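Asks: For reference, the structure I am asking about is given below.
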Amino acid sequence: MPETFYITTPIYYVNDVPHIGHAYTTVAADTMARYMRLTGREVYFLTGTDEHGQKVEKTAASKGITNKEFVDSVAPRFQELCRTLNASNDDFIRTTEERHKNAVQHIFKLLQEKGAIYKGEYEDWYCVPCESFWTELQLKDGKCPDCGRDVDKLKEESYFFKLSEYGGEDGKLTKFLEANKGFIMPESRYNEVLSFVKGGLRDLSVSRTSFTWGIPVPGDERHVIYVWLDALTNYISALGWPEDTGKFKRFWPADVHVIGKDILRFHAVYWPAFLMALDMPLPKRVFSHGWWTLAGEKMSKSKGNVVDPFSVVDELDRHGIGVDGFRYFLLREVPFGLDGDYSRDALVNRINIDLANDLGNLHFRTINMIEKYLGGEIPCPDKPSGPEGTLNESIPGIAAEYCGCMGDMSFSDALQEAWKAISEANRVIDHSAPWALAKSDKEEDKAHLGNVLGVAAQVLKASAVLLHPFMPEKTQVIWEQLGHETRLDTLKVDLSGNFFAYEKGQRIKKGQAPFPRIETERIKALKAASAAASGKEAKVATAKPATPSPLPSPAGGEGGKEQGCFIKIDDFMKVELKVGKVLSAERVPKSDKLIKMQIDLGTETRQIVGGIGKSYEPEQLVGRNVVVVANLKPAKLMGIESKGMVLAAGDVDSLKLASFEAEVTPGTRVK
Ligand code: MSP
């Protein structure tokens, strides 16, 4: 029987619209679930919606509909979010389902039977939006310490859970926490909770009579069960507890509850205390992640500054990047556990630099060169030496580091590990110039070519596997282009083994590039402005064709003295020469001379068709700095639009591109 892995997200309040915060927890949990499946575990991944409480009751009333009608109308939006994010959850629990209600009432009864709950009277400050009671001391300037909103004084008959037995220096929970440092991650959060628990806990009110939208206390229906006792129970009710002990036995205790830092107290204090009182095993870990802000501010529905995950994914879909770009960004941009600020620019940069440039380039070059130089058969490296040998040897170590990071849910670090191999593979290709090796007849060059492309293909295969949990769709595309017919999401891989090697004779299947570059609005605006400007200049140049002037004579010659033989600096400056970086290049079909290139000009990506195909292979061009005439009137070459020209010198079959002695930033003016 495979080892199991049970992972959960919080169940989301249906009173809110799905936003980036929900998306974040779901994507993180999904990535972890996929990683565990990949490495052979039997995974159960749970998410759902939290549908009871006073807030829901108020919203439904304001809409003039029943509570049930309201929750039934909003819960599907959260299910849709799961589908949009490509979450692979095994279940989606709603707290209004019978299976859940029964479990919550059963827990309440058990806690009563075990003497962990008593009836008393409650008086304290209550924050309706947070569904939390606060003591006078806990209030901040008389307001809720969590959300800063007004609180109401509430006095009511209530059932209490004996939480006080769990806190203080000798409390049961204190002792448990001291013995289980890894229970709460990251460590800073563990320290917070430990000192809070050590400081002593008050008994917890676990029923309410001030509203009715909840699960009734069995035998005392004036009370509804406290919404957090109700909500936390989802983690076991979804496993069929108490009836279906099969699934519960198999998966409980959970391996990790993934939550945001705002709900740590409920998961790391109340939930373990409830479970201890029930004599049930505690979850193995609670991982508390940080919060996303927008322009440094907390997102909230009332401020209207929430990032809508549906529209982000929609936009990425239009660019051909899809949800994987968003998933990658969320887990790469900010170390899991820390707060981060969201911006569209940061999202686009990550996609353009990491995915389109680094991974996209490696994919494009490797597949193309294997097709062109090796007839499409992926070479198996034969005792590679030099940089490609070192790279080849480094893959198992990189995979091991990656696994270590994934085990700690350090997603950003795990991705950086995978990128070490991707960046190095790109460097090895640049350094070894397979396009030159392919022209050589020497046996050693042929072997070298096979080794470089073989190792590059291995890195690509390793990347498809290691990045699969993060980007399930795009890695499948890469996987299939590497000639595999299997589904990565059903694959079980031993990441400590030779999982990146190929069988002899495996062939690539060329297809679409998985990561097109995104042009931002700012870039598009600049592009439009520069097109308008170049249009104007083109008119100046073409309105009155210059009469051919005699070439200046050698220095000292008569002609040299004639002003008319020279152009003025202003004339020269009309030619907008810029540094470009070739992002991709491919031959124009049916032409041995023309190569179509996408060139980064700093503020835009330009398509330029150049007549350099007899002197260069497309792979030789990718990543190179070139000099571009940026304001040349656009033209069509063999029906393909070309917006500019790259400078080169020499005969058509021995052209040499103008270049720089060192790397220059794309877009820099050449003067
Ligand atoms: N219903 C409770 C959870 C009960 S679990 C037994 C709840 N729901 S929530 O919808 O308000 O929040 C769900 C998750 O979204 C929490 O983990 C929370 O931390 C996360 N986020 C909400 N806003 C967030 C950001 N701006 N950034 C990151 N995550 C945040 O709490």
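Asks: Please determine, by comparing only the residues of the range 261-292 that are basic (Lys, Arg) and out of contact with any Pro (no Cβ under 9 Å at 6 or more places or on another chain), which one is nearest to the ligand (Cβ to nearest atom). Write out each step before concluding.
Replies: Filtering the range 261-292 down to residues basic (Lys, Arg) leaves 261, 265, 284-285.
Filter once more, keeping what is out of contact with any Pro (no Cβ under 9 Å at 6 or more places or on another chain): 261, 265, 285.
Numbers: 261: 6, 265: 11, 285: 15 Å.
Per the criteria, the residue is 261.
Asks: Next question. Within the bounds of the range 22-39, is there any residue that is away from the ligand (no atom under 11 Å from the Cβ), more than 19 Å from the chain's Cα centre (by Cα) and assigned to a loop (DSSP other than H, G, I, E, B)?
Replies: yes
Asks: Could you pull out every one of the helices (runs of 4 or more DSSP H) wholly within the range 402-500 that has 3 or more residues that are of a type outside the set (A, V, I, L, M, F, W, C) and surrounded by fewer than 24 Cβ atoms within 10 Å (Cβ to Cβ)? Working first, answer last.
Replies: Working: elements: 411-432, 434-437, 443-467, 472-481.
Those helices (runs of 4 or more DSSP H) span 411-432, 443-467, 472-481.
Asks: I'm checking my understanding of the structure. Among residues of the range 50-71 that are in a helix (DSSP H, G or I) and among the β-branched types (Val, Ile, Thr), which one is nearest to the chain's Cα centre (by Cα)? Spell out how you get there, then give the answer.
Replies: Restricting attention to the range 50-71, the residues satisfying the condition of being in a helix (DSSP H, G or I) are 54-63, 67-71.
Narrowing the set further to residues that are among the β-branched types (Val, Ile, Thr) leaves 56, 59, 71.
Working: 56: 32, 59: 33, 71: 30 Å.
Result: 71.
Asks: With the requirement that a residue be farther than 19 Å from residue 133 by Cβ, outside any helix (DSSP H, G or I) and among the β-branched types (Val, Ile, Thr), what does the range 222-241 give you?
Replies: Initially, the range 222-241 is screened for residues farther than 19 Å from residue 133 by Cβ, giving 233-241.
If we keep only those that are outside any helix (DSSP H, G or I) too, we end up with 233, 238-241.
Correct list: 233 only.
Asks: Output the number of residues of the range 242-260 satisfying the condition of being more than 16 Å from the ligand (Cβ to nearest atom), outside any helix (DSSP H, G or I) and crowded, with 17+ Cβ neighbours inside 10 Å.
Replies: Going through the range 242-260 one residue at a time, the tally reaches 1.
Asks: Which of the residues that make up the range 85-99 are touching a Leu at 6+ places or on another chain (Cβ under 9 Å) and either in the same structural domain as residue 469 (by TED's automatic domain parsing) or assigned to a loop (DSSP other than H, G, I, E, B) (or both)? Outline the logic, then answer.
Replies: Of the range 85-99, the ones touching a Leu at 6+ places or on another chain (Cβ under 9 Å) are 87, 89-93.
Those that are touching a Leu at 6+ places or on another chain (Cβ under 9 Å) and either in the same structural domain as residue 469 (by TED's automatic domain parsing) or assigned to a loop (DSSP other than H, G, I, E, B) (or both): 87, 89, 90.
Asks: Search the range 642-654 for residues being at pLDDT 90 or above and not in a loop (DSSP other than H, G, I, E, B), and hand back the single one that is nearest to residue 590 (Cα to Cα). Show your work before the answer.
Replies: In the first step, residues of the range 642-654 are kept if they are at pLDDT 90 or above; the result is 642-648.
Right, trim to not in a loop (DSSP other than H, G, I, E, B) and you get 642, 645-646, 648.
Values: 642: 17, 645: 21, 646: 21, 648: 22 Å.
Here the residue is 642.
Asks: Of all residues in the range 293-323, which are away from the ligand (no atom under 12 Å from the Cβ), surrounded by fewer than 14 Cβ atoms within 10 Å (Cβ to Cβ) and assigned to a loop (DSSP other than H, G, I, E, B)?
Replies: Correct list: 295, 296, 302, 304, 308.
Asks: Got a sec? Which of 208, 250 is assigned by TED's automatic domain parsing to the domain that holds residue 101 and modelled with pLDDT under 95?
Replies: On the way: 250 fails: modelled with pLDDT under 95.
Only one candidate passes the filter, namely 208.
Asks: Another question about this same structure. Somewhere in the range 136-146, is a residue touching a Pro at 6+ places or on another chain (Cβ under 7 Å) and surrounded by 12 or more Cβ atoms within 10 Å (Cβ to Cβ)? Don't jump to the end; show me each part of the working.
Replies: Step one: list which residues in the range 136-146 are touching a Pro at 6+ places or on another chain (Cβ under 7 Å), which gives 138-139.
Now drop any that are not surrounded by 12 or more Cβ atoms within 10 Å (Cβ to Cβ), which leaves 138-139.
Yes - at least one qualifying residue is present in the range 136-146.
Asks: Would you mind stating whether residue 173 is touching a strand residue (DSSP E or B) at 6+ places or on another chain (Cβ under 9 Å), assigned by TED's automatic domain parsing to the domain that holds residue 266, in contact (Cβ under 8 Å) with a residue 24 or more places away in the chain and not β-branched (Val, Ile, Thr)? Working first, answer last.
Replies: Numbers: touching a strand residue (DSSP E or B) at 6+ places or on another chain (Cβ under 9 Å): no; assigned by TED's automatic domain parsing to the domain that holds residue 266: yes; in contact (Cβ under 8 Å) with a residue 24 or more places away in the chain: yes; not β-branched (Val, Ile, Thr): yes.
When the stated conditions are applied, residue 173 does not pass them.
Asks: Here's something else I'd like to know. Picking from 451, 392, 368, which residue would you name as being closer than 24 Å to residue 515 by Cα and either at pLDDT 95 or above or outside the structural domain of residue 599 (by TED's automatic domain parsing) (or both)? Walk me through it before giving the result.
Replies: On the way: 451 fails: closer than 24 Å to residue 515 by Cα; 392 fails: closer than 24 Å to residue 515 by Cα.
Going through 451, 392, 368 in turn, the sole match is 368.
Asks: Now for a different question. Checking the structure you have, find out if any residue of the range 222-234 is without any contact (Cβ under 8 Å) to a residue 12 or more places away in the chain and either small (Gly, Ala, Ser) or more than 13 Å from the ligand (Cβ to nearest atom) (or both).
Replies: Filtering the range 222-234 for residues without any contact (Cβ under 8 Å) to a residue 12 or more places away in the chain gives none.
No, every residue in the range 222-234 fails to be without any contact (Cβ under 8 Å) to a residue 12 or more places away in the chain and either small (Gly, Ala, Ser) or more than 13 Å from the ligand (Cβ to nearest atom) (or both).
Asks: Quick one: count up the residues across the range 349-365 that are more than 20 Å from residue 619 (Cα to Cα), touching an Asp or Glu at 6+ places or on another chain (Cβ under 9 Å) and either at pLDDT below 95 or crowded, with 22+ Cβ neighbours inside 10 Å (or both). It would help to see each step written out before you state the result.
Replies: If we filter the range 349-365 for residues that are more than 20 Å from residue 619 (Cα to Cα), which is where we start, we get 349-351.
Right, trim to touching an Asp or Glu at 6+ places or on another chain (Cβ under 9 Å) and you get 350.
Right, trim to either at pLDDT below 95 or crowded, with 22+ Cβ neighbours inside 10 Å (or both) and you get none.
So the answer is 0.
Asks: For the range 25-65, how many residues meet the condition of being of a type in the set (Val, Ile, Thr) and within 21 Å of residue 331 (Cβ to Cβ)? Even if it seems obvious, please write down each step before you answer.
Replies: First, the residues of the range 25-65 that are of a type in the set (Val, Ile, Thr): 25-27, 31, 39, 43, 47, 49, 56, 59, 65.
Going one step further and asking which of them are within 21 Å of residue 331 (Cβ to Cβ), we end up with 25-27, 31, 39, 43, 47.
Within the range 25-65, residues that are of a type in the set (Val, Ile, Thr) and within 21 Å of residue 331 (Cβ to Cβ) number 7.
Asks: When residues of the range 614-639 are filtered for being surrounded by 22 or more Cβ atoms within 10 Å (Cβ to Cβ) and among the small types (Gly, Ala, Ser), how many remain?
Replies: The total comes to 1.
Asks: Tally up the residues in the range 253-302 that are modelled with pLDDT under 95, in contact with a helix residue (DSSP H, G or I) (Cβ under 9 Å, 6 or more places away or on another chain) and more than 20 Å from residue 340 (Cβ to Cβ), please.
Replies: Residues flagged as modelled with pLDDT under 95, in contact with a helix residue (DSSP H, G or I) (Cβ under 9 Å, 6 or more places away or on another chain) and more than 20 Å from residue 340 (Cβ to Cβ) within the range 253-302 amount to 0.
Asks: Is there a residue in the range 330-337 that is in contact (Cβ under 8 Å) with a residue 24 or more places away in the chain, closer than 19 Å to residue 360 by Cβ, crowded, with 21+ Cβ neighbours inside 10 Å and touching a Ser or Thr at 6+ places or on another chain (Cβ under 9 Å)?
Replies: First, the residues of the range 330-337 that are in contact (Cβ under 8 Å) with a residue 24 or more places away in the chain: 330-337.
Now drop any that are not closer than 19 Å to residue 360 by Cβ, which leaves 331-333.
With crowded, with 21+ Cβ neighbours inside 10 Å added as a condition, the list becomes 331.
Applying the additional criterion that residues be touching a Ser or Thr at 6+ places or on another chain (Cβ under 9 Å) yields 331.
For the range 330-337, residues in contact (Cβ under 8 Å) with a residue 24 or more places away in the chain, closer than 19 Å to residue 360 by Cβ, crowded, with 21+ Cβ neighbours inside 10 Å and touching a Ser or Thr at 6+ places or on another chain (Cβ under 9 Å): present.
Asks: Something else now. May I ask you to list the residues in the range 1-21 that are modelled with pLDDT under 95, near the ligand (Cβ under 6 Å from one of its atoms) and under 19 Å from residue 44 (Cβ atoms)?
Replies: Matches in the range 1-21: none.
Asks: Moving on. In the range 244-265, what count of residues is obtained for those that are touching a residue at least 40 places away in the same chain (Cβ under 8 Å) and under 26 Å from residue 1 (Cβ atoms)? Give the derivation first.
Replies: Here is the first cut: in the range 244-265, the ones touching a residue at least 40 places away in the same chain (Cβ under 8 Å) are 247, 250-265.
From the residues that got through so far, the ones that are under 26 Å from residue 1 (Cβ atoms) too are 247, 250-258.
Number satisfying all stated conditions: 10.
Asks: If you don't mind, another one. Being away from the ligand (no atom under 11 Å from the Cβ), among the acidic types (Asp, Glu) and buried (at least 20 other Cβ atoms within 10 Å of the Cβ), is that true of even one residue in the range 70-81?
Replies: no
The values are calculated or read from the model by the stated rules, or taken from the named source; none is laboratory data. The shown structure was predicted, so the numbers you read here are calculated from the model rather than taken from an experiment. Glycine gets a Cβ as well: all are built from the backbone with ideal geometry, and neighbour counts include every protein chain shown.
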